[in-house]
Amino acid sequence: METLIAALRSLLPHDSVITDPVRLRTYECDGLTYHRATPGVVVLPGTAEQVARVVRLCNEFGVPFVARGSGTGLSGGALPREDGVLIVTSKMRAILEIDLGNRRAVVEPGVTNLAITEAVRDRGHYYAPDPSSQQICSIGGNVAENSGGAHCLKYGFTVNHVEACEIVTPDGDLVTLDRMDPGYDLLGAFVGSEGTLGIATKITVRLCRAPESVTTVLAAFESIEQGGEAVSAIIGAGIVPAAIEMMDALAIEAAEAAVACAYPEGAGAVLIVELDGPAAEVERQFAQLREICSDAFELRVAADPAERAAIWKGRKSAFAAVGRISPAYIVQDGVVPRTSLPGVLAAIDRLSAEHRIKVANVFHAGDGNLHPLVLFDDAEPGAGERAEVVSGAILDLCIEHGGSITGEHGVGVDKSRYMPRMFSEDDLDTMQLVRCAFDPRGLANPGKVFPTPRLCGEVPGVRKGVHPLVESGKAEQF
Ligand SMILES: Cc1cc2nc3c(=O)[nH]c(=O)nc-3n(C[C@H](O)[C@H](O)[C@H](O)COP(=O)(O)OP(=O)(O)OC[C@H]3O[C@@H](n4cnc5c(N)ncnc54)[C@H](O)[C@@H]3O)c2cc1C
């Protein structure tokens, strides 16, 4: 490691190589703080060429590397390696080009999600995927996680808004993956690959025209079941709102304590529904929505952008807000078919009672993406373990109902152990073949996504067993 550090210092400016133990601790975890490791060394390259040179050095020394954007990930994806290099993109924050004619922007990976919208807002455009962390999370991290957000129900996830990526491959080449390239959709494979297929150094994103009209509605229901029924009825009526978000009573209590969002008192659940598009269409959909939400005891319609922001404030702050009502919590992320929402929520309630662990529910209700916040007191012996049990059981529920172990936060280090519950051995082996095609030495973010050391992705140079596709001659092992 010492020789590698000396080589890194000769490549990068002095302040871009961090070895001071106290400063290294800044990078020991992402937003999932119970997985921690002090990185061997942290580098902050300022250009794509510098990233490529660092990766080439890692290859020369056979040392693993992990990319990090803003470190807001919630699955331990940017958890560093004690024996490796953490490559942080926070100095790469330039918006390189805005091309409204073609509705695109070209940005460096450390640019924050919201900065893209801020750069084009006054010209009537915006970048659609909007994770609640959008003020700080990086677009490179969004690409790696295929991040979602409240408005992804109508507009699609990050993968639908990335047109090209310049990447540093795991062996240090700079290449561009473009949506328009014929052949395999390698850009599609890269988006959501959680830093295991290389490092994005330049990203071309799609920009959307701001809609003519936006109506934001807060509907307060006595019970979460009523809220869930309204969600199904809205989608069943053929309305695709820009967003439908739901929060239960405990999540509302937390948001109230944190940001005084003044949601209606006594609500068992609130729905935030945002309609956007041509004014006539929004007006028609709003009339339908009002009828569908006739069970709501209060329907609040934002009269202006300030009221709209006030409605969103509670929802956007919900994760951090639970810190006001619980000393510790796990943010879970699972998906169920929309129609299973009431049954799964009832089962979560039962788990909560059985294990004496409170669960606050916040979710992107329109696409069935649950974010149960599993609350516990880390000073109470055994509480953390019980919270872990509840958290894992929620994922089991999602799988049983035909859903997924993650909707948008990724697998990372946290959920790799759940992958075999969702995928067969053959599925996982096939994913590893893709990984090996990009990263045969397994140096790019090892230990993430996949459950155990398997194939060459996790054990450099060694492959366990022969994959059936290789054996049958249908695929080639590199
Ligand atoms: C309060 C809060 C709210 C959140 N809300 C949402 C939400 O609504 N929707 C949602 O989807 N997520 C949400 N998240 C999770 C998180 O913000 C996203 O996953 C985000 O995309 C991570 O970006 P980052 O820059 O912080 O990435 P990091 O945490 O630094 O890294 C995440 C992963 O990306 C990889 N990576 C980072 N940069 C690159 C790069 N340039 N090239 C290749 N790989 C890279 C890392 O290796 C790691 O695997 C939330 C998090 C918090 C703390």
Notebook entry, point to check: Pick from segment 318-344 the residues that are of a type in the set (Ser, Thr, Tyr) and crowded, with 17+ Cβ neighbours inside 10 Å: which of them is farthest from the ligand (Cβ to nearest atom)?
Noted result: SER340
Item checked: Where TYR34 falls short, out of the listed (1) buried (at least 19 other Cβ atoms within 10 Å of the Cβ); (2) at pLDDT below 95 -> (1)
Margin query: Taking the conditions exactly as written (over 23 Å from the mean Cα position of the chain (by Cα) and at pLDDT 95 or above), does GLU49 satisfy them or not?
Written below: yes
Notebook entry, point to check: When you go through (1) assigned to a strand (DSSP E or B); (2) surrounded by fewer than 21 Cβ atoms within 10 Å (Cβ to Cβ); (3) under 30 Å from the mean Cα position of the chain (by Cα) one by one for ALA220, which number turns out not to apply?
Noted result: (2)
Note to self: Take the residues in segment 245-275 that are open to solvent by less than 10 Å² (accessible area, probe 1.4 Å) and assigned to a helix (DSSP H, G or I); name whichever of them is nearest to ALA309 (Cα to Cα).
What the structure shows: ALA255
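For segment 118-153: of the residues being assigned to a helix (DSSP H, G or I) and open to solvent by less than 10 Å² (accessible area, probe 1.4 Å), which is farthest from GLY412 (Cα to Cα)?
VAL120
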Item checked: Sole residue being free of Cβ contacts under 8 Å to residues at least 24 places away in the same chain, at positive phi, not aliphatic (A, V, I, L, M) and not in a helix (DSSP H, G or I), chosen from GLY183, GLY195 -> GLY183
Note to self: Could you check segment 286-304 and list, in sequence order, the residues that are free of Cβ contacts under 8 Å to residues at least 60 places away in the same chain and farther than 12 Å from ALA233 by Cα?
What the structure shows: ALA287, ALA303, ASP304
Checklist line | Subset tally (residues that are farther than 21 Å from ASP173 by Cα and not aromatic (Phe, Trp, Tyr)) for segment 433-454 | finding: 7
Margin query: Residues that are open to solvent by 40 Å² or more (accessible area, probe 1.4 Å) and touching a residue at least 60 places away in the same chain (Cβ under 8 Å): does segment 75-90 have at least one?
Written below: yes
Check: Filter segment 294-316 for residues that are farther than 20 Å from ALA150 by Cα and touching a strand residue (DSSP E or B) at 6+ places or on another chain (Cβ under 7 Å); which is least open to solvent (accessible area, probe 1.4 Å)?
Finding: ALA296
Next item on the list: Scan segment 49-71 residue by residue and report those that are surrounded by 24 or more Cβ atoms within 10 Å (Cβ to Cβ) and near the ligand (Cβ under 8 Å from one of its atoms).
Entry: VAL66, ALA67, ARG68, GLY69
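The values are calculated or read from the model by the stated rules, or taken from the named source; none is laboratory data. For clarity, every value in this text was computed on a predicted model and none was experimentally measured. Glycine also receives a Cβ, built like all others from the backbone with ideal geometry; neighbour counts cover every protein chain displayed. All accessible areas refer to the heavy atoms of the entire protein, side chains included, with ligands and DNA or RNA removed. Shrake-Rupley method; radii C 1.70, N 1.55, O 1.52, S 1.80 Å.
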